[in-house]
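Notes follow the structure.
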Amino acid sequence: ARDEEGQDIIWTITGPDATDFVIAEDSGFVPTAVADESAIARWNIVPDFEDPMGSSTDVGANGYVFTVNASDGTNTSTHEVFVRIFDVNERPEFTGTVETAITLDEHDATLDASFQEPPYAFPVIATYTGRDEEGGVTWSLTGTDAADFEIDSGGNVTFKETPSFEDPKDSGGDNVYNFTVVVTDILSKTNRRTAMQPVTVTVRDIEETGVVQVSNLDPVVGDRITFTLSDPDGGIDTGQTSLSWTLRAQESGVWQPISLGATSSKTLMYTVDEDDTGKPLRAEVSYFDRRNADRDFANRKMVTSGETAPVEADPLPNVKPRFRSGSNQAMEEGEAGRFLPDRITATDRDGDNLTFGIQDGQDSALFEINASTGQVRTVGALDFETVGGQGLLFFTVTLHDGKGLDGSNMVINDDSIDATTVVSVRVLDVEEEGVVTLSVPEPGVGTTVQATLTDGDGSISGRSWRWWRSRDGRTGWTPIPGTTSSATSTSYTTVLADAGFYLRAAVSYTDRRGGGKRAEGITALRVFGENQQPTFPATENGARSVSENSRSGTNVGAPVAAEDPENDRLTYSLSGADAASFSIVGGSGQLRVKEPLDFETRSSYQVTVDVHDGKDGLGNTSAEIDDSIDVTITVGNVDEAGVVTLTTLTATIQARVEVTAVLEDDDGPSSVNWAWHRSPNGRTDWVNLVGETSDRYTPTLVDAGNFIRATASYTDGHGQNKTASKVSPRVGDPPPVNSAPAFPATEDGKRDVPEDAQGGDAIGDPVAANDVNAGDSAVNDPLAYSLTGTDAASFTIDAGTGQIRLAQGVSLDFEGKRTYRVTVQVSDGRDQNGDDDSDAIDASRTVTISVTNINEAPVVSGNTSPSIAENSSAAIATYTAADPERDTLEWSVNSNDFWISSRGQLYFASPPDYEDGNTSFSIRVTAADPGGLTGSLDVTVAVTDVEEVGVLTISPPRGWDGTRFEAELEDDDGSPSGFSWQWERSSNRSSWDEIAGATASSYTAGADDVGSYLRVTVEYSDRRGGNKSASAVLGVRIGETSPSSNTAPAFDEAEVPRSV
């Protein structure tokens, strides 16, 4: 457009379709002679032939009409424009969600119950939609792996074959499939247009379940079934023990295992057993496949097979028996005559009698079997140390049922072996005790006894021997100084000090199983010297019995008698926890009862019988106990009669005052029934008091002047139908206004108190009286108690209750005084008319108070600061202990450097050496009684120094011309110095000549010394001072030349008689 005035032109669009367009000045226009400005009209919409929006009346909606207006603000020029839209063929397009990368699981190829892969409906993996402006579209696939897929007319893509991760079909073999989805228009005839979309499909691996196939689903006894495992995942691990099979049979609705085990096979073969008859079978297997790369047992796969039909029985009329259990056993090593822990078991379908046997060979000589029961017994000792291999023994057990089948399958008698099984017995190693054997079990004084150790575990080493002695052979063992040894065996020659003692050789050592082992051997009898000690025979079992309630002095069984080789007169005594309840006849050992015993209170007692013959081992007078034996006394239970006691609140039984019947029976009464009767004379004409069936009865006025009787019918520990009764004195008239208090008949006047009771302690129950007027406000007579009698000063009594107590400051001692007697008095302060009468004593009861024994600790006394010279083996000190019960005490000391005898004599275990540096020892000496109570004394032992002689030794002990001798000095005082040596020779060892120049500790013999003895002397100083000397003499003459052989010494005679 051009404006004459050159004004700016304003461009606009108007008209029917103006909104479908926009117009704008062309900023790049260069004015010309005919135009000042230029404008460009553009679509405001995308014109679509198939969706027209125009308003043309000539060509329809595909024609658009608008007016372009050019204005300078005052004047406007217009230009009419007509736009017509022509149809073109457009490319189709994808619509909706377009899948470009698809991931899906492989098909689960697990077989069904019929061991077939179930029908597979191939799923749609993706659906594509598209449109074309001109009409419909068609679908197709192209690309590398397009042949593996199909697409239908609806754009649905599926696999042609089952996708399997384990068998990929894609071109790359990596389970990644590539293809292109093509959409094509269908209305454009020859000029077809398409749209394409590349697609990637990835098939993922999934866990697929394995399956176990069963070869025979209708088994019969004897059939062989094969179970075979397969798994779509592949890669089943068949390495050693990688698969674990379990075969199960269904019984009562429960699948019970009948065999199991680890294997490397994917198959399990099983021969159907007669025990399986009527039961379905199935197999289970756990395993690893390709997906279990970590081989974690927690991730093992588990598959169960289908089940078979119930097993059918074997049709044969006779079936051979079968072994069931007992073929693998274990037993500790040990002596013969023991039974293996499990029987060899077998079954026979036909119920025939089975016969077991053992075949010769292997280790059969060690075993025998019960032909009927299959119980195996050892007939030889089993020794782990001599069994080879893995500690296993083997023998073969045979089995037959005595029957068989002929050619026609008819049953016949046949003792042929039907089955065999090899039984393995693992011999278990056990800790075997060492055994010390003494060469002389009954030694006398001067006898050499050799101790030898054997141990079934073998490989003995590190022996440490020591000899001990004991008076009774059981306790109080004390070490014998100087008897330690580390040799293979040890020997000891008895001395006079051993007479009357048992000897023990003890050894600690290490064997094949480890250290810390100990064994000992004890002589059978005491060492005998001039006198042999009495002993209790091995036949004495220390058991006696006596019936309860036996009177004092009754013999308790046969005498507990010892034996004495010289028939010396023996003296017996009694000790132990229960010695106070018995006595013993000193000359025979006969035990006797001191006081009647009660089974219901205590049924067993323990005492110790001691014996001595009045002499020690040397025949000197001695009352020391030679032997002791513990005796258990059993109290026999007897049937004891019941006792009925009648009690009332008055001193006598009176009318209108309630009477209580009390039944006592030591055998324990139960189910008690009561009955009451009346009699005019207390002997005959008893009349039953109807309705009176309790333990209480109140006499009536009719009963006054008569007798009443209470009868109890009951059961006790000895049985039923027991009765007891009590007849009262003649029933008196009703009581007056006030009745005097009375102690009940059940008050036996006996109390016990332990000897360690303290002042103020209550002694048993109160000694209480009854008062028929108690609580009667008209009389109001409270009871008052007082105490009199021989021992009343040692006790107090509560005036209101009758409770006896130990007086303050009073100490009881069972060993000093065992019985106290007092009298308890009571008064109600009134006479029978109810008037005051405070001085009268209405009733009294004598009470016996028995002190019971309490075990008290012994008290040790003696020198607390003894001293002893070094090198001494004498007793350091003697200690004594006072025991209130006079028990036999056992002494001990808390240091291995010491030992203490049964008499309290303290010794060093080996002589002390002052120079060792330990010159003061703090120890504790202890005495213990049989009850475990102890008394101790702290002792400090000082070792004093003594002047010790130096000792010279010459080596070698003999020599010849040219032999070099060395002298060595030992002085326990220590620090030797300032040596002055001199060697001498002598032809007779009485006169000595110094050897010139021989002034050193060594000397070489020369020709001048041949035929002479040599002596060396040294002068020196030690820790204790100077002027000390020592010398040593060579015991044999110097020879001329060394002999080439040595002849052993020999006795001239085979036997030389001697007498003494």
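The values are calculated or read from the model by the stated rules, or taken from the named source; none is laboratory data. The structure displayed is predicted, hence computed values, not measured ones. As a convention, Cβ positions derive from the backbone with ideal geometry for all residues, glycine included, and neighbour counts pool all protein chains shown.
Key figures
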{"read-out": "Top-ranked residue of region 514-572 - restricted to ones that are loosely packed, with under 13 Cβ neighbours inside 10 Å and hydroxyl-bearing (S, T, Y), ranked as nearest to V445 (Cα to Cα)", "value": "T539"}
{"read-out": "Output for region 750-769, where each listed residue is closer than 12 Å to V851 by Cβ and among the charged types (D, E, K, R)", "value": "R751, D752, E755, D756"}
{"read-out": "In region 430-464, residue farthest from the chain's Cα centre (by Cα) [restricted to those that are under 24 Å from R377 (Cα atoms) and buried (at least 17 other Cβ atoms within 10 Å of the Cβ)]", "value": "G456"}
{"read-out": "Qualifying residue in region 920-927 (condition: out of contact with any Gly (no Cβ under 9 Å at 6 or more places or on another chain), at pLDDT below 90 and not assigned by TED's automatic domain parsing to the domain that holds W467)", "value": "no"}
{"read-out": "L316 being surrounded by 13 or more Cβ atoms within 10 Å (Cβ to Cβ) and closer than 16 Å to V422 by Cβ", "value": "no"}
{"read-out": "Failed item in (1) at positive phi; (2) part of a loop (DSSP other than H, G, I, E, B), with G978 passing the rest", "value": "(2)"}
{"read-out": "Hey, G1039 under 30 Å from F921 (Cα atoms), touching an Asp or Glu at 6+ places or on another chain (Cβ under 9 Å) and not aliphatic (A, V, I, L, M) or not", "value": "no"}
{"read-out": "Those residues of region 988-1014 which are in contact (Cβ under 8 Å) with a residue 40 or more places away in the chain and farther than 15 Å from R964 by Cα, in sequence order", "value": "R989"}
{"read-out": "Meets criteria (surrounded by 13 or more Cβ atoms within 10 Å (Cβ to Cβ) and either assigned by TED's automatic domain parsing to the domain that holds R349 or in a helix (DSSP H, G or I) (or both)) for D237", "value": "no"}
{"read-out": "Within region 291-308, considering residues that are more than 14 Å from G235 (Cβ to Cβ) and hydrophobic (A, V, I, L, M, F, W, C), the one surrounded by the fewest Cβ atoms within 10 Å (Cβ to Cβ)", "value": "A298"}
{"read-out": "Residues being of a type in the set (D, E, K, R), modelled with pLDDT of 90 or more and exposed (fewer than 13 other Cβ atoms within 10 Å of the Cβ) - total across region 27-50", "value": "1"}
{"read-out": "Condition check for T74: over 60 Å from the mean Cα position of the chain (by Cα), at negative phi and in a strand (DSSP E or B)", "value": "no"}
{"read-out": "Pairs where the first residue, in region 68-87, is hydroxyl-bearing (S, T, Y) and the second is outside any loop (DSSP other than H, G, I, E, B) and surrounded by 17 or more Cβ atoms within 10 Å (Cβ to Cβ), C-beta under 6 Å, 6+ apart", "value": "T76/N69; S77/A70; T78/N69"}
{"read-out": "Residue within region 686-701 that is under 30 Å from V638 (Cβ atoms), of a type in the set (G, A, S) and not assigned by TED's automatic domain parsing to the domain that holds S603 present", "value": "no"}
{"read-out": "When residues of region 723-751 are limited to those that are at pLDDT below 80 and among the polar types (S, T, N, Q), the one farthest from L649 (Cα to Cα)", "value": "N738"}
{"read-out": "Unmet criterion (only one of (1) under 19 Å from L392 (Cβ atoms); (2) basic (K, R); (3) surrounded by 17 or more Cβ atoms within 10 Å (Cβ to Cβ)) for R338", "value": "(3)"}
{"read-out": "Qualifying positions in region 668-710 - surrounded by 19 or more Cβ atoms within 10 Å (Cβ to Cβ) and touching a residue at least 40 places away in the same chain (Cβ under 8 Å)", "value": "P699, D703, I708, A710"}
{"read-out": "Cβ-Cβ under 6 Å pairs, at least 6 apart or on other chains, region 384-403 side not assigned by TED's automatic domain parsing to the domain that holds D418, far side among the hydroxyl-bearing types (S, T, Y) and surrounded by 21 or more Cβ atoms within 10 Å (Cβ to Cβ)", "value": "none"}
{"read-out": "Any hit, region 393-409, residues being among the acidic types (D, E), outside any strand (DSSP E or B) and touching a strand residue (DSSP E or B) at 6+ places or on another chain (Cβ under 6 Å)", "value": "yes"}
{"read-out": "A283 being outside the structural domain of F367 (by TED's automatic domain parsing), part of a strand (DSSP E or B), over 30 Å from N370 (Cα atoms) and hydrophobic (A, V, I, L, M, F, W, C)", "value": "yes"}
{"read-out": "Hits in region 1-58 - residues which are among the aliphatic types (A, V, I, L, M) and assigned to a loop (DSSP other than H, G, I, E, B)", "value": "A1, I9, V30, A33, V34, A35, I45, V46, M53"}
{"read-out": "Criterion violated by T478 - all others in (1) over 30 Å from T355 (Cα atoms); (2) outside the structural domain of R512 (by TED's automatic domain parsing) satisfied", "value": "(2)"}
{"read-out": "Scan of region 410-422 for residues that are in contact (Cβ under 8 Å) with a residue 40 or more places away in the chain and assigned to a strand (DSSP E or B), ordered by number", "value": "V411, A419, T420, T421, V422"}
{"read-out": "Some residue of region 371-387 being of a type in the set (D, E, K, R) and under 28 Å from N409 (Cβ atoms)", "value": "no"}
{"read-out": "Meets criteria (within 19 Å of T652 (Cα to Cα), small (G, A, S), assigned to a loop (DSSP other than H, G, I, E, B) and at pLDDT below 95) for G834", "value": "yes"}
{"read-out": "Strands (runs of 3 or more DSSP E) contained in region 142-205 and holding at least 2 residues at pLDDT 95 or above and closer than 15 Å to I102 by Cα", "value": "176-185, 194-204"}
{"read-out": "Looking only at region 256-287, and only at residues there that are among the hydrophobic types (A, V, I, L, M, F, W, C) and touching a Pro at 6+ places or on another chain (Cβ under 9 Å), the one that is surrounded by the most Cβ atoms within 10 Å (Cβ to Cβ)", "value": "L281"}
{"read-out": "All strands (runs of 3 or more DSSP E) inside region 302-378 with 3 or more residues being within 30 Å of R248 (Cβ to Cβ)", "value": "322-325, 328-332, 345-347"}
{"read-out": "Neighbours by Cβ (under 8 Å, 6+ apart or cross-chain): first from region 310-327, touching a residue at least 24 places away in the same chain (Cβ under 8 Å) and of a type in the set (S, T, Y); second buried (at least 19 other Cβ atoms within 10 Å of the Cβ) and part of a loop (DSSP other than H, G, I, E, B)", "value": "S327/I344"}
{"read-out": "Region 143-179: number of residues that are surrounded by 13 or more Cβ atoms within 10 Å (Cβ to Cβ), out of contact with any Leu (no Cβ under 7 Å at 6 or more places or on another chain) and more than 30 Å from D233 (Cβ to Cβ)", "value": "1"}
{"read-out": "S1045 vs. criteria modelled with pLDDT under 95 and surrounded by 10 or more Cβ atoms within 10 Å (Cβ to Cβ)", "value": "no"}
